[in-house]
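The values are calculated or read from the model by the stated rules, or taken from the named source; none is laboratory data. Small disclaimer: the values here were computed from a predicted structure and weren't measured. Reconstructed Cβ throughout: ideal geometry from the backbone, glycine too, with neighbour counts over all protein chains shown.
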């Protein structure tokens, strides 16, 4: 006779999710469940996908998309760039503006 699967054998979520509490009214920092549902229906997505889209958009708006550099080039680096430029082929400009 086959044994029943117990809770210990079931694959449970790993616990790396988050709890999302909807707001009682729409604000600049949160929305109601009704608004999330309307967005999901309008986009043809699930509410979970709507949350992921919103977070992805916020990440694009707020996080840098490049590694922070060491600041302006040194005089030695600028001289090396000038040396590597073919003569007469390009007009060297030190500023973008």
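Taking the condition of being exposed (fewer than 12 other Cβ atoms within 10 Å of the Cβ) and either under 19 Å from the mean Cα position of the chain (by Cα) or in contact (Cβ under 8 Å) with a residue 60 or more places away in the chain (or both), how many residues in the range 29-45 meet it? Before you say what the answer is, go through the steps one by one.
Start the filter on the range 29-45 by keeping residues that are exposed (fewer than 12 other Cβ atoms within 10 Å of the Cβ), which leaves 29, 34, 41-44.
Still in the list and also either under 19 Å from the mean Cα position of the chain (by Cα) or in contact (Cβ under 8 Å) with a residue 60 or more places away in the chain (or both): 29.
Looking only at that region, the number is 1.
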The lone condition residue 84 fails out of (1) modelled with pLDDT of 85 or more; (2) over 19 Å from the mean Cα position of the chain (by Cα); (3) surrounded by 10 or more Cβ atoms within 10 Å (Cβ to Cβ) is (3)
